[in-house]
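The block underneath contains the structure these notes are about, expressed in structure tokens.
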Amino acid sequence: MASATTDHEILTWEAFGGGALELARLVRDDGFAPSIVLAIARGGLAPAGAVAYALGVKNCCVINVEYYTDVDERLEVPVILPPALNLVDLTNARVLVVDDVADTGETLLLVADQVRRHVADVRTAVLYEKPRSAVRCDYVWRRTTRWIDFPWSASSDVARIPDANR
């Protein structure tokens, strides 16, 4: 279940599952049938995979973007990281770009603008959208002003595992 403190919303794995299904329903009910689901790594990997499964879309790809460097700290502008997405592969595709949150919206704006010139149609889907977002996403599960603690990024336990090669 998603719970909230004064400035944070905590998304559980269970609530994420329901949110991803609802996001897929919004896409389906709108009549949009994506031929490709494009995940924005890293935060969009889990939502994109879940939405792709729910929609029965097997063609998935990933674009890597760096923007956030820490909690509410970011680069001046988002940067697409290698390996570059081969946009020729997307020609005439109906692309659903999926991310976890449209906070400033700059990452989604960058990706949608990069893809738009090469595809038949591009739409955006996020679990959360914030009012300050530069992008009004086509499909949104929840709107909030809070910082969201996602289950895949809230814990740093794995990062603390000692590297056996050191």
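The values are calculated or read from the model by the stated rules, or taken from the named source; none is laboratory data. Here the structure is a predicted model, which means the values were calculated and not measured. For the accessible areas, the whole protein counts, side chains as well, though only heavy atoms, and no ligand, DNA or RNA atoms are used. Shrake-Rupley method; radii C 1.70, N 1.55, O 1.52, S 1.80 Å.
Just the ratio, please: alpha-carbon radius of gyration of the stretch 81-151 over 2.2 N^0.38 Å, N its number of residues.
Details: Rg = 12.9 Å, N = 71, 2.2 N^0.38 = 11.1 Å.
It is 1.16.
Estimated at the nearest 10 Å², the accessible area of Leu90 is 10 Å² with a 1.4 Å probe. Exposure check, 1.4 Å probe, all protein chains in place: Thr145 carries approximately 110 Å² of accessible surface.
In order along the stretch 59-66, the Karplus-derived 3J(HN,Hα) couplings, from 6.51 cos²θ - 1.76 cosθ + 1.60 at θ = phi - 60°, round to 8, 10, 9, 10, 10, 9, 10, 9 Hz, and Gly and Pro are given as x.
Across the stretch 16-26, computed HN-Hα scalar couplings (Karplus, 6.51 cos²θ - 1.76 cosθ + 1.60, θ = phi - 60°) run 4, x, x, x, 5, 5, 5, 4, 5, 4, 4 Hz from first to last residue, x flagging Gly and Pro.
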